1. Look at Lys89 and say whether it is in the same structural domain as Ala39 (by TED's automatic domain parsing), surrounded by fewer than 20 Cβ atoms within 10 Å (Cβ to Cβ) and either in a helix (DSSP H, G or I) or at positive phi (or both).
2. Residue by residue through the range 291-321, note down the ones that are crowded, with 17+ Cβ neighbours inside 10 Å and without any contact (Cβ under 8 Å) to a residue 40 or more places away in the chain.
3. For residues that are part of a helix (DSSP H, G or I) and in contact with a Leu (Cβ under 7 Å, 6 or more places away or on another chain), tally how many sit in the range 402-437.
4. If the Cβ limit is 7 Å and pairs must be 6+ apart or interchain, which residue in the range 13-36 that is under 15 Å from Ala79 (Cβ atoms) and modelled with pLDDT under 80 pairs with which residue that is surrounded by 15 or more Cβ atoms within 10 Å (Cβ to Cβ) and of a type outside the set (A, V, I, L, M, F, W, C)?
5. State whether the residues of the range 351-362 include one that is within 18 Å of Ser249 (Cα to Cα), surrounded by 17 or more Cβ atoms within 10 Å (Cβ to Cβ) and touching a residue at least 40 places away in the same chain (Cβ under 8 Å).
6. Checking the structure you have, find out if any residue of the range 363-381 is closer than 24 Å to Leu163 by Cα, in contact with a Cys (Cβ under 9 Å, 6 or more places away or on another chain) and modelled with pLDDT of 95 or more.
7. Please go through the range 135-161 and pick out each residue that is buried (at least 23 other Cβ atoms within 10 Å of the Cβ) and either hydrophobic (A, V, I, L, M, F, W, C) or part of a helix (DSSP H, G or I) (or both).
Amino acid sequence: MTAWDGRFTEEMSADVQDFNQSIDVDHVLFYEDIKGSIAHVEMLAQCGILTHSEKDLIHQGLRSIEADYENGDVVFTAAAEDIHLNIEKLLIEKIGPTGGKMHTGRSRNDQVATDMHLYTVKEVNAIVHLIEQLQTTITERAEENIDVIMPGYTHLQRAQPILFAHHIMSYFWMLQRDKERLTDSLKRISLSPLGAGALAGTTYPIDQQMTQTLLGFSGLYMNSMDAVSDRDYLLETMNNLNLIMMHLSRFSEEIILWCTHEFNFIALSDAFSTGSSIMPQKKNPDMAELIRGKAGTVAGRYMGLLMTMKGLPLAYNKDMQEDKKPFFEAVADTKKSLNIFNGMIRTMTLNKEEMALNDFSNATEFADYLVTLGVPFREAHALTGKLVYSCIQKNQLLMDVPLETYRSIHPSITEEVYTFLTPAAAVNRRQNLNGTGTDAVLQQIKEGKTLISR
């Protein structure tokens, strides 16, 4: 039996029934569907469309189905097609024909849209919470390693000394923007489509503001056709997930590099690593690699839904059934990735001695030192470049250059130059608002903690 048997004289073929069903995916919306139906029936009773005794009976039946579901006693069937018809079928079996009144003044089009809005609000808030947990871990690791200096890179070439704390705090601010985008999107997600019907509204004297309030939505769609055909909020959320996963993927790439023998900056906990089936010495950063890989998968799901939506006329089309699987999977992968990444960062150890700067990343410091002696920066840059080239030929570092050589470049150079060239001095001269100086980074961490606690 289907919801449209009155019009049809032939049974649906088994292949079509299997192809048409979505219960294997949209069962995820069970609680949202129950919640939406309870609010809808409450409103129908308040508007005199159902009696209060009918409302109470339906509410009791839905709560009973919810209890059965939590006890593992509910079996969904493909014959009932989706979560909405499965719950309605179970309700009619439980309380009789009155269960069929639950659908009064409602279409599956506005029903599924309501479920998806409720689900998206819930999951966006859950992801915001996971982001804040990771942000907290980042601030803690930054603060406890505030004295650790490492090479900063551009083009994957060593560039200038920076604080490790400064480096990882950069991801805090990426995640902060991710969080703000998600939070801002809630004003577009938290809209109630209930009452839009199939596309044109309903003839019943319903109270849409009441269901909006009961379901915790902040507003209503002003156009019924838009209400049932809008998937912008899903695409916006998926794009926001793409940005989160892209940021995690970039951080994962650095984690993977830092774990190599060539870098050896960090060691991951065994709990967040794997080994090799053939090479006993291996300890692989597979969690970081998986997150890096899933970033591509999440992006692919976004593009898939975007292509599904791009050519659809108004209002509802069955194509839109394809929104759920990619959306649910993108949400699940993002949540798992944030959780795993948090544990991986929280438990990793730093090999501080391996981060020592035995290189030319202090070259800019010498150029800046010459500027303090009155040399124009462009000239100082050229003089420093020639000095670095000479050091490379002699297998020297700038700290190894004799004072006489420095004085041949400029007679006013003193022993002070060696202090100027130390990594600590290089870092702590950069006390501008967003610089790598210790005080500046501590202020970053303080600001970050304030944002998390709001």
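The values are calculated or read from the model by the stated rules, or taken from the named source; none is laboratory data. Being a predicted model, the structure only gives us computed values, none of them experimental. Neighbour counts are summed over all protein chains in view; Cβ atoms, including those assigned to glycine, are modelled from backbone coordinates with ideal geometry.
1. yes
2. Answer for the range 291-321, where residues must be crowded, with 17+ Cβ neighbours inside 10 Å and without any contact (Cβ under 8 Å) to a residue 40 or more places away in the chain: just Thr308.
3. 3
4. These pairs meet every condition: Asn20/Glu81.
5. Looking through the range 351-362, none of the residues is within 18 Å of Ser249 (Cα to Cα), surrounded by 17 or more Cβ atoms within 10 Å (Cβ to Cβ) and touching a residue at least 40 places away in the same chain (Cβ under 8 Å).
6. No: the range 363-381 contains no residue that is closer than 24 Å to Leu163 by Cα, in contact with a Cys (Cβ under 9 Å, 6 or more places away or on another chain) and modelled with pLDDT of 95 or more.
7. Scanning the range 135-161 gives Gln135, Ile138, Ala142, Ile149, Met150.
Residue-by-condition table, conditions (1) surrounded by fewer than 20 Cβ atoms within 10 Å (Cβ to Cβ); (2) at pLDDT 95 or above; (3) under 18 Å from Asn125 (Cβ atoms); (4) of a type outside the set (Ser, Thr, Tyr):
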| site | (1), (2), (3), (4) |
| --- | --- |
| Gln209 | yes, yes, no, yes |
| Thr213 | yes, yes, no, no |
| Phe217 | no, yes, yes, yes |
| Met222 | yes, yes, no, yes |
| Met225 | yes, yes, no, yes |
| Ser229 | no, yes, no, no |
| Tyr233 | no, yes, yes, no |
| Met246 | yes, yes, no, yes |
